[in-house]
Amino acid sequence: MINLENRISNIFKNLKLENKKAFISFTTAGFPNEDTSLEIMKSIADSGAHIHEISFPHAEAQADGPIIQLANIESIKNGINFDKVIGIAKEMRAYNQEIGLVMMGYLNNIFIYGIEKFAKEVSGIIDAVICVDLPADVVEEAQLKKALKNENIALIKLITPTTSDERIKTLVEDAEGFIYSVNVAGITGVKSAEIDKVNSQILRIKKYTDLPVVSGFGIKTVEDVKNFSQSNADGVVIGSAIVEKIQEVSKKDTDKKNIAKFVEDFCSELIENLNS
């Protein structure tokens, strides 16, 4: 088994040697239902994805656009709670020891569940956590970072187009895993990213850190991925586009294997165009 604290760094190290970028996928746990969401995650791993973000549903997901918000609502209607999300993550890790696993969501869920309890429950399973609405330099961030660090889990920092250079410098000082560069201001799944602005932001970040920098928000199509294959990013995150494909196919077909295969083929095509 790969040492937990090195799994993500090993992924980026190996990709760099091959002159390739990381493909980071995203799905909402429990959407379109619990069993199918796990089957989809397995198929995404089979497609060759390097890191997968497991989103725990939240009723008021401020950073998510209408596509992912709908998936959150459906997941909550399906009775998906935090324990079930962790259960899905554990099954996913048992299925694949190589893929990087990141849990993504909002502070309220973690706080109610219990910060220490959460860190211990996902120890050995999850490599990193993205807490979308967690402000830097607050008590809760220090508590979460400490609890995760005790279990060799990274707390990923997000940097947006409105973040100043001075603030970037401060944020990356104690960053781990990778830096998530948010390509567009506002919610995900709505605007398309502009490659020139993206490259400029990534270069700003890389002035202050040697950590890999990945680009997320506004990357939706095969053409977008082709463009980003030439970007300064060390990886790309595809979220809304995958969730939209799940919505599209699950309306026509309820067989979990068929839905998963559809998503696997989509991700395989994106990966091929990212690293062709």
Alpha-carbon radius of gyration plus Dmax, which is the widest Cα pair, for the range 139-276 in Å:
17.0, 50
Rounded, prolate or oblate: which one fits the chain, using the alpha carbon gyration tensor with axes a ≥ b ≥ c (rounded when a/c is under 1.5, else prolate when a/b beats b/c, else oblate)?
rounded
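Let me check against my output: what whole-number percent is the relative contact order of the range 4-274, with C-alpha pairs under 8 Å and at least 6 apart?
Values: 499 pairs, mean separation 63.5, N = 271.
It comes to 23 percent, rounded to a whole number.
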Taking the alpha-carbon distance from Lys252 and a cut-off under 20 Å, which aspartates and glutamates remain once sequence neighbours fewer than 8 residues away in the same chain are dropped?
Glu34, Asp35, Glu39, Glu74, Glu244, Glu264, Asp265
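Among Asp224, Asp137, what is the fewest-to-most ranking by other Cβ atoms within 10 Å? Each step should come with its number before you reach the end.
Details: Asp224 20, Asp137 8.
Ranking Asp224, Asp137 by Cβ neighbours within 10 Å, fewest first, gives Asp137, Asp224.
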Specify the inter-centroid distance of the range 25-79 and the range 142-184, based on alpha-carbon positions, in whole Å.
23
In a GNM of the chain with a 10 Å cut-off on Cα contacts, which of Lys252, Lys261, Lys13 has the highest mean-square fluctuation?
Lys252
Say we join alpha carbon atoms closer than 10 Å with springs in a Gaussian network model of the chain; which of Phe262, Phe23, Phe56 then has the biggest fluctuation?
Phe262
Taking 0.36 nm per residue of sequence separation and subtracting the Cα-Cα distance, how much length would be gained by fully extending the chain between Asn258 and Asp137, in nm to one decimal?
39.0 nm
Test of understanding: extend the Cα→C-beta vector of Glu18 to 7 Å, then name every residue of the range 93-121 with backbone N under 15 Å from that spot.
98-100
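Which value, in debye to the nearest 20, gives the size of the charge dipole of the range 4-274 about its Cα centre, when Lys and Arg are +1 and Asp and Glu are -1 at the Cβ?
Taking the Cα centre of the range 4-274 as origin, the dipole is about 260 debye.
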Quarter of the Cα convex hull surface for the range 47-139, i.e. its orientation-mean projected area (nm²)
6.7
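Any read-out appearing in this document is the output of simple, stated calculations on the displayed coordinates, not a laboratory observation. A quick note: this is a predicted structure, and the numbers were derived from the prediction, not measured. So basically every Cβ, Gly included, is an ideal-geometry build from the backbone, and we count neighbours across all protein chains shown.
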